[in-house]
Structure formats: structure tokens, C-alpha cells
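Worksheet for the structure shown next.
The values are calculated or read from the model by the stated rules, or taken from the named source; none is laboratory data. Keep in mind that this is a model prediction, so the values were computed, not measured. Don't worry about glycine lacking a Cβ; one is built from the backbone with ideal geometry, like all the others, and counts go over all protein chains shown.
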Amino acid sequence: MAVKVHEAGYGKWKTPVIIIFVIVVICLAAAGILLKDSLGVSVNGGSARIEVADGDGTAAVAETLSDAGIIKYPILFKVQSKLGGYDGNFQPGAATIEDGMSYNDILDLIITPNREMKKVTIPEGYDTKQIADKLSEEGIVSSEDFYAALNIEDFDYPFLQNLPQRDGVMEGYLFPATYDIPDDMSAHDIIDLMLSAFDSQFTDEYYARAQELGMTVDEIVTMASIVEREAGDDSERAKVAGVFYNRRNAGMKFQSCATVQYILGERKPVLSIADTQIDSPYNTYIYPGFPIGPICNPGIESIKAALYPEATDAYYFVLGKDGTHIFSNTYEEHVAAMNSADPTMSVDGSAIENQDSMKQ
């Protein structure tokens, strides 16, 4: 027995089913397009930088991203922000959006504080000028802004109290280290970061040790700065410090070429006699004892050497042919050491034209 199909009833449902199918296909296609952008944006050039202003909400950020051509669907971005709990948590500052980042990746980025940082290494022994130049070269802050922010009255640290009047008053305390510096950090805050690093390194033990030696912190840092510029490596630092303490205690001049180089503003490889006669409170060829202040920013090993010098009978040292220093107890031994090394070398291993006596 044949089954009779009611064509009229079938036709009645055929058109709505087709319409629904078409709508579903269109929705799925639209969802796929939306999902594709949501899962990985396409950024011309590989990356794009935006600025999130203080107080920007989701709508403002979505508009910024859309105007920059980073996202195609601001509404979807706002929905994901709402559902993900990102609303109200955006942090101000620059943000670099990389090609292929998802909407969630972008949201994670812009709720992160201090998200854009530059890593900069300040080597041990750099002076203030070298630090300012490096920060400028790295595009972090101009040297002019850095110098303008070197106002000791703006910083509250015990080691900055009662320092003598001098140019470069913070020399010695801008601690050499590797720093992660946020993109929008001011010169003042960068200096504070370095001073804070010194503060954390110069412990209560070191303050007590300086007092035990009958020295101020500034004198310790000054000695450390000379050791930093003079010593060849860590193994020699404590002994180099011991030599300069011996010369100081004997009323002799330090005669450190590094102090003259600081006056000149350059690491001049060969000093003239005229250079060593420059009248400056930093010139240890003219004035006995410590210069008026540090000549660079020493690292922790040189600070330790200044605090805990090696007990030695040596009063002289000269750079030997193998790159290490030859230490001598007497001037006669020192002359022999200089002759065996390089007769143009000074007590600290720097060359001086027509080297005169180091016996003073």
C-alpha cells in the first residue's frame, strides 16, 4: 500500500526551514569572522603602540584600539572585557600590541602596571656623566633632565646628609646595577631607584664598620671609588685599598691618576705633568689624603674592600706586563718593579709623561 505524501504540508514547512538554515550559516560565518579577530589580531608592521590614559574605561580603550586599526570589533572587545572581569582595572601608560595577540592577551596586557620597561645596565665605576649619557643613548631620559633632577634636597637618605659642598654631590651613590625602568619613569624617580639600591646594599653592618674605622660613609665611598678605578680585578681590590690606607696613614699623597682623570672628564691614557698639577680638591697629586668626594659610582666589591682592606706593608703598586699589579713595600722595590714593567707607568698603572718620583 503506497504512502501518500501531503505535498501541501511539506511545502508549508520547507521555506521556513531553509530560511533558518541560511540564518544559522550566516551567524556561524559571522561568529567565525568575529572569533578569528578575537583570537589573533592582524597588526600592520608586526606591532603597534597605544597609550592608555589615566581613567580610561573599556569603551575608550576599545575605541583607541579600533582607531589604531588593531581590533575590528570594539563591541566584542567590550563583551570580553565585561565577561572576563577586566572592566575598571586598566592601567595607564603605553602598551605595545603584537601581531597575533588575542583580545584576551590585549586585555591582560593593559591591566598590567609598568608593562613597558627598558632594561639598562649601569656598569661599576661609571661616573655621573657616563650614567646620564647612557640613559640618554637608551632613550630613557635626556641627560639634561637627569642633571636637573640631581637635587640632593629632593631625596631623603641618611648617606646624603651633611655631605661637603662640591660639584656632583651624588657621585658615588648612584648604585651600579641592572635596572628595569618603566617607560614613563621620570629622571627624579630613576635617581631615587639608584639611591634606593645603594641604601639596600650599604647595610647597618657597613655603617657600624665605617664608624669603627673612624670614617664617614662619604670617605668610605670615596675610597671605594678610587679602588674601583684602580684595581684590575676583585682579587686585588682589598690590597689596593690597603695601599691607599697606608699612604693616607703615613701622610703621603695618594697620587692616584684616576682622580686626575676625573678632573679632566676623560680616561686619558697618558697624563702629562701639567695634568697632575691641576689645582683641584680632587687632585691627589697635590693634596694629601682623600679627594673631596667620590670619583665614580663603585660596586659592592669595591665598597667591601674599602671597609675591609687587606693588611699589607705595601705602599706602592704598578701594573705588570701580565695585567696584574706588582705591589712594593719600599720605594726602591717600586722603582725596580716599574723598570721591570713599564717605566712610563705610575703607581696606579696609568702612564705619565716624564714620570717623576712617587716617593712623596
Based on what the data block shows, is Gly242 farther than 30 Å from Asp180 by Cα, of a type outside the set (A, V, I, L, M) and touching a helix residue (DSSP H, G or I) at 6+ places or on another chain (Cβ under 9 Å)?
yes
Quick check on this structure: which one of Phe146, Phe159, Phe175, Phe198 is assigned to a loop (DSSP other than H, G, I, E, B) and either crowded, with 18+ Cβ neighbours inside 10 Å or aromatic (Phe, Trp, Tyr) (or both)?
Phe175
Can you tell me which condition Phe327 does not meet? The list is (1) under 33 Å from the mean Cα position of the chain (by Cα); (2) under 30 Å from Tyr206 (Cβ atoms); (3) not in a loop (DSSP other than H, G, I, E, B), and all the others hold.
(1)
Does Ile295 satisfy being closer than 16 Å to Gly125 by Cβ, of a type in the set (Val, Ile, Thr) and touching a residue at least 40 places away in the same chain (Cβ under 8 Å)?
yes
Having 3 or more residues that are surrounded by fewer than 21 Cβ atoms within 10 Å (Cβ to Cβ) and among the charged types (D, E, K, R) is the bar; report the helices (runs of 4 or more DSSP H) wholly within the stretch 216-320 that clear it.
234-249
Candidate set from the stretch 201-215 (those that are surrounded by 14 or more Cβ atoms within 10 Å (Cβ to Cβ) and not in a helix (DSSP H, G or I)); member that is farthest from the chain's Cα centre (by Cα):
Leu213
Tally the residues that are surrounded by 18 or more Cβ atoms within 10 Å (Cβ to Cβ) and outside any helix (DSSP H, G or I), restricting the search to the stretch 183-195.
1
Any chance Asp180 is within 26 Å of Arg49 (Cα to Cα), in contact with a strand residue (DSSP E or B) (Cβ under 7 Å, 6 or more places away or on another chain) and not assigned by TED's automatic domain parsing to the domain that holds Arg237:
yes
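Here's the yes/no breakdown for (1) at pLDDT 95 or above; (2) over 14 Å from Val141 (Cα atoms); (3) in contact with a helix residue (DSSP H, G or I) (Cβ under 7 Å, 6 or more places away or on another chain); (4) charged (D, E, K, R):
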{"residue": "Arg166", "(1), (2), (3), (4)": "no, yes, no, yes"}
{"residue": "Tyr173", "(1), (2), (3), (4)": "yes, yes, yes, no"}
{"residue": "Asp180", "(1), (2), (3), (4)": "no, no, no, yes"}
{"residue": "Met185", "(1), (2), (3), (4)": "no, no, no, no"}
{"residue": "Ser200", "(1), (2), (3), (4)": "yes, yes, no, no"}
{"residue": "Thr203", "(1), (2), (3), (4)": "yes, yes, no, no"}
Quick one: would you say Glu153 is surrounded by fewer than 18 Cβ atoms within 10 Å (Cβ to Cβ) and over 30 Å from Ala95 (Cα atoms)?
yes
Pick out, from the stretch 69-139, the helices (runs of 4 or more DSSP H) lying fully within it that include 1 or more residues that are more than 30 Å from Phe175 (Cβ to Cβ) and touching a residue at least 60 places away in the same chain (Cβ under 8 Å).
103-110
